[in-house]
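Working notes, structure below.
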Amino acid sequence: MRSGETWATCPLCGRPTKLKLRPDTRLENFLFFCPKCKQEMMLDAVGTKVTRAKRMTRKSA
Ligand SMILES: [Zn+2]
């Protein structure tokens with residue numbers, strides 16, 4: 001792992017994920033599934049900071 005890279009943590013459960021972030025990472029409406037809390041969510045990421053995307057998707061059952 002290079003310096004500056006970090007594992008993203010799930011914004012819901014706070015556990016580390018398999019998603020790796022770099023200081024120059026930019027994600028928008030990234031569809032992410034957390035295997036720990038089994039939730040699908042949309043994420044934004046700027047650098048190594050992850051937030052939930054403002055625009056929520058609704059799953060059609
Ligand atoms: Zn989670």
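For every other residue with a beta carbon closer than 13 angstrom to the beta carbon of residue 11, add +1 if it is Lys or Arg and -1 if Asp or Glu, then tell me the sum.
With Lys, Arg at +1 and Asp, Glu at -1, the neighbours total +3.
Which length gain, in nm to one decimal place, applies between residue 33 and residue 7 when the Cα-Cα distance is subtracted from 0.36 nm times their residue separation?
That pair, residue 33 and residue 7, stretches by 7.9 nm at full extension.
Express the relative contact order of the chain as a whole percentage, based on alpha carbon pairs under 8 Å and six or more residues apart in sequence.
Reported relative contact order: 28 percent.
Please state, to two decimals, what the Cα-based radius of gyration of the chain comes to when divided by 2.2 N^0.38 Å (N = residues).
1.12
Going highest first, how would you order 22-34, 41-53 by mean Cβ packing within 10 Å?
Highest mean packing first, the order is 41-53, 22-34.
Readers should treat all values here as calculations from the given coordinates under stated rules, not as data from a laboratory. Everything quoted here is computed from the prediction, not taken from an experiment. Don't worry about glycine lacking a Cβ; one is built from the backbone with ideal geometry, like all the others, and counts go over all protein chains shown.
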